[in-house]
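One structure below.
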Amino acid sequence: MTKAQGDSEPISLTPIAGLRKDLSLHTHDPQSDLVSQRLSTQRCWEPFETRLWLCAQRAGDVVVDVGANLGYFSLLSALAEAAPSQVHAFEPAADNFALLEENLALNGCSELVHRHHAALSNVNAVGVLRRSDNNLGDHQIYAGDGERREESITLRRGEDALAEHCDRIDLLKIDTQGSELTVIEGLWPLLDRSRESLRLLIELTPFSLALAGASGRQLIERLARLDLPFYIVDHIEARLVRSDAAALARWCDNVEAVPGDRGFMNIFVGDAPAL
């Protein structure tokens with residue numbers, strides 16, 4: 001729980017190979033938030049994805065974490081043995097952003113991570129965040145599945161938000177519950193310039209993309225313009241499975257053809273790291 005909720009005791013995570021020090025995190029109430037519950041009980045978030053992220057990072061990378069939540073991946077990058085040149089964390093929800101700030105301070109990383117209290121999009125505007133009550137990493141910036149409490153937020157076009165900081169992106173994570181295509185569109189000039197070094201970890205959820213007015217096929221076809229290899233992140237076998245744009249687009253079409261199918265996967269785009 002956060003200090004604001006009356007409990008200042010952080011959770012000590014299981015030691016993670018590839019970090020310069022062990023991590024501790026303040027979380028939301030584990031009884032009311034899925035991510036916090038997982039961190040509280042397992043002391044790690046998605047072990048294979050954690051290893052993949054750290055193995056993918058190279059010394060001197062410019063790292064961008066879109067949908068940073070309470071800061072887990074931003075902290076991994078900031079404290080990686082392969083030290084980055086910059087880390088940028090984007091998080092629109094006020095309570096998540098407060099935890100992000102707390103966790104950076106707790107782990108001595110406040111000066112290592114640029115914090116952006118905003119959602120990345122393809123426009124600069126005022127937006128609305130539609131909040132999930134039981135998964136504080138499942139907020140949406142579009143009208144979607146049922147009634148949700150709303151929070152006013154800032155939308156930033158990615159290239160504009162990063163213009164004063166960097167002219168490339170080397171390692172990018174996008175987990176934005178359906179708005180991934182607009183994030184890619186707003187970052188596109190940077191991504192296009194960065195394709196020789198770019199590696200990208202992104203959630204692919206056709207159901208959420210459709211609610212946001214896009215599609216899984218559109219997202220895959222846009223990413224394919226980078227002319228980089230595609231991999232499926234296989235959490236069960238703890239491996240990357242080589243795929244291609246055509247196969248992933250067909251998978252998206254098949255999921256969208258089944259009403260209510262919320263099937264999803266994480267994909268990695270770019271040169272696969274040694275795991």
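The values are calculated or read from the model by the stated rules, or taken from the named source; none is laboratory data. Note that the coordinates shown come from a computational prediction; the quantities given were computed from them, not determined experimentally. Ideal geometry is used to build each Cβ from the backbone, glycine not excepted, and the neighbour counts take in all protein chains shown. Only protein heavy atoms, including side chains, enter the accessible area calculation; ligands, DNA and RNA are left aside. Shrake-Rupley method; radii C 1.70, N 1.55, O 1.52, S 1.80 Å.
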Problem set entry | Prolate/oblate/rounded call for segment 140-275, Cα gyration tensor, a/c under 1.5 rounded | oblate
Exercise. Per-residue HN-Hα couplings for segment 217-230, Karplus 6.51 cos²θ - 1.76 cosθ + 1.60 at θ = phi - 60°, whole Hz, x for Gly and Pro?
Worked result: 4, 4, 5, 4, 5, 5, 4, 4, 5, 6, 6, 10, x, 10
Seminar exercise, completed: Pseudo-spin-label distance SER12 to SER197, built 7 Å along Cα→Cβ, given in nm, is 3.7 nm
Exercise. Using a 1.4 Å probe on the protein chains only, how many percent of the accessible area of the chain belongs to carbon and sulfur?
Worked result: 47 percent
Seminar exercise, completed: Rounded to 0.05, the calculated FRET efficiency for the beta carbons of ALA125 and ALA274 at R₀ = 41 Å is 0.50
Seminar exercise, completed: Sorted on mean Cβ neighbours within 10 Å (highest first), peptides 69-76, 150-157 come out as 69-76, 150-157
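Compute the FRET efficiency between SER24 and ARG262 as 1/(1 + (r/R0)^6), taking r as their Cβ-Cβ distance and R0 = 35 Å, and round to the nearest 0.05. Intermediate results must be reported in sequence, preceding the final value.
Numbers: r = 33 Å, r/R0 = 0.93.
The computed FRET efficiency comes out at 0.60.
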Exercise. Magnitude of the Cβ-charge dipole of segment 15-166, K/R +1 and D/E -1, about the Cα centre, nearest 20 debye?
Worked result: 280 debye
Exercise. For segment 163-219, what class follows from the C-alpha gyration tensor (a ≥ b ≥ c being the square roots of its eigenvalues): rounded when a/c is under 1.5, otherwise prolate if a/b is larger than b/c, else oblate?
Worked result: prolate
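Using the Cα centre of the chain as the reference point, and only Cβ charges (+1 on K/R, -1 on D/E), how large is the resulting charge dipole? Debye, rounded to the nearest 20.
In debye, rounded to 20, the chain gives about 360.
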Exercise. With every protein chain left in place, what is the accessible area per residue of segment 132-262 in square angstrom, probe 1.4 Å?
Worked result: 46 Å²
For this session: Report the full-extension gain for the segment GLU221 to GLU237: residue separation times 0.36 nm, less the Cα-Cα distance, to one decimal in nm.
Result: 3.1 nm
Problem set entry | Dipole of the chain, positive end: most advanced residue of ALA105, LEU181, SER40 [Cβ charges, Cα centre] | LEU181
For this session: Could you tell me the accessible area of TRP251 in Å² (1.4 Å probe, neighbours in place), rounded to the nearest ten?
Result: 70 Å²
For this session: Pop the C-beta distance of ARG149 and GLN42 into the FRET formula with R0 = 22 Å and round what comes out to the nearest 0.05.
Result: 0.20
